[in-house]
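**Student:** Got a structure for you, written out below as structure tokens; questions coming shortly.
The values are calculated or read from the model by the stated rules, or taken from the named source; none is laboratory data. Small disclaimer: the values here were computed from a predicted structure and weren't measured. Reconstructed Cβ throughout: ideal geometry from the backbone, glycine too, with neighbour counts over all protein chains shown. We work out accessible area using only protein heavy atoms, side chains counted, and drop any ligands, DNA or RNA first. Shrake-Rupley method; radii C 1.70, N 1.55, O 1.52, S 1.80 Å.
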Amino acid sequence: MKEKCAKIIRIISIPPILVSALLGFLFVQSTGVVHHAAELCLSILFLAIIPALAYPLQKVFPAYRHKGRAGQRNLAFLFTIAGYSAGLIYAVIYQVSRGLFEIYLAYFLSCAALLFVNKVMHKKASGHAAGIVGPLLFLIRFIGPWMIPVTMIIYVLIFWSSVTLKRHTPGEFVFGTLLSIAAFAVTLLISMLIY
């Protein structure tokens, strides 16, 4: 039963689902972050759909086809970088709201930090943790401090799920969390300088 609960939490907390939920929530709540339905759909495309395409398309790419979970992760990194980069370019060219620009930039910086740590430094940081902390931080930023207890509960449940399923060690999960927090902090600094 414990493992079943952990699996359910893990599935519903995958980064593409959480960022889609964040964007949809911000749009419905009329926060001024996502202005119209087309912007919502494009944001979900760049931040959720393109990164998620790596998994079903693994079999299409010969270099990744027979590499199992490691191949999936490597391909997912490439698709994630492509989606986040395209999203950030879109945000700059079409001058989206400050809030939406911050979301794109934070995701891009978080992915770049993960890529550097995992591939260059050869240290393991949880991409899952980095991907879920961003939406939680932006909920607090755009909705208010009263979201802190809610986001803390969500974070603890996802942490428990990842460790229980042995997808990450506690250290890897915390490392991924810290990378996302750092990306968020740098994003806010850049945003203050630009806007």
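**Student:** Which of (1) of a type outside the set (D, E, K, R); (2) closer than 15 Å to PHE25 by Cα; (3) in contact (Cβ under 8 Å) with a residue 60 or more places away in the chain is the odd one out, the single condition THR164 does not satisfy?
**Tutor:** Status for THR164: all satisfied but (2).
**Student:** Further question on the same structure: Of everything in region 22-35, what is open to solvent by 60 Å² or more (accessible area, probe 1.4 Å) and either under 20 Å from the mean Cα position of the chain (by Cα) or over 17 Å from VAL92 (Cα atoms) (or both)? Give them in sequence order.
**Tutor:** Of everything in region 22-35, those that are open to solvent by 60 Å² or more (accessible area, probe 1.4 Å) and either under 20 Å from the mean Cα position of the chain (by Cα) or over 17 Å from VAL92 (Cα atoms) (or both) turn out to be PHE25, PHE27, VAL28, GLN29, SER30.
**Student:** How many of the residues in region 115-138 are in a helix (DSSP H, G or I) and open to solvent by less than 30 Å² (accessible area, probe 1.4 Å)?
**Tutor:** 11
**Student:** Just give me the residues in region 170-195 being modelled with pLDDT of 95 or more and either β-branched (Val, Ile, Thr) or not in a helix (DSSP H, G or I) (or both), in sequence order.
**Tutor:** Result: VAL174, THR177, ILE181, VAL186, THR187, ILE190.
**Student:** Is there any pair with a first residue in region 16-33 that is on the phi < 0 side of the Ramachandran plot and a second that is of a type in the set (S, T, N, Q) whose Cβ atoms are under 7 Å apart and which are 6 or more apart or on different chains, and what are they?
**Tutor:** LEU23/SER43; VAL33/SER97
**Student:** Being of a type in the set (Phe, Trp, Tyr), modelled with pLDDT under 95 and open to solvent by 30 Å² or more (accessible area, probe 1.4 Å): is that true of TYR155 here?
**Tutor:** Considered against the rule, which asks whether it is of a type in the set (Phe, Trp, Tyr), modelled with pLDDT under 95 and open to solvent by 30 Å² or more (accessible area, probe 1.4 Å), TYR155 comes out as no.
**Student:** I'd like the residue in region 78-114 that is in contact (Cβ under 8 Å) with a residue 12 or more places away in the chain and over 16 Å from the mean Cα position of the chain (by Cα) and, out of all such residues, is most open to solvent (accessible area, probe 1.4 Å).
**Tutor:** Only one residue fits best here, namely ARG98.
**Student:** Out of LEU45, LEU75, which single residue is open to solvent by 50 Å² or more (accessible area, probe 1.4 Å), over 23 Å from ALA185 (Cβ atoms) and assigned to a helix (DSSP H, G or I)?
**Tutor:** Matching residue, one of LEU45, LEU75: LEU45.
**Student:** Working carefully through the options ILE14, ILE8, find the one that is under 20 Å from ALA130 (Cα atoms) and either in contact with an Asp or Glu (Cβ under 7 Å, 6 or more places away or on another chain) or surrounded by 13 or more Cβ atoms within 10 Å (Cβ to Cβ) (or both).
**Tutor:** Just a single option satisfies the conditions, and that option is ILE14.
**Student:** So, one more: For region 1-42, how many residues meet the condition of being closer than 16 Å to LEU105 by Cα and assigned to a loop (DSSP other than H, G, I, E, B)?
**Tutor:** Total meeting the criteria: 2.
**Student:** Right, next: Go through region 85-120 residue by residue and tally those that are among the hydroxyl-bearing types (Ser, Thr, Tyr), farther than 19 Å from ALA182 by Cα and touching a Leu at 6+ places or on another chain (Cβ under 8 Å).
**Tutor:** 1
**Student:** Please enumerate the residues belonging to region 142-152 that are surrounded by fewer than 18 Cβ atoms within 10 Å (Cβ to Cβ) and without any contact (Cβ under 8 Å) to a residue 40 or more places away in the chain.
**Tutor:** Listed by number, the residues that qualify are GLY144, PRO145, TRP146, MET147, ILE148, PRO149, VAL150, MET152.
**Student:** Filter region 170-195 down to the residues that are polar (S, T, N, Q) and under 22 Å from TRP160 (Cα atoms), then identify the one that is surrounded by the fewest Cβ atoms within 10 Å (Cβ to Cβ).
**Tutor:** This residue is THR177.
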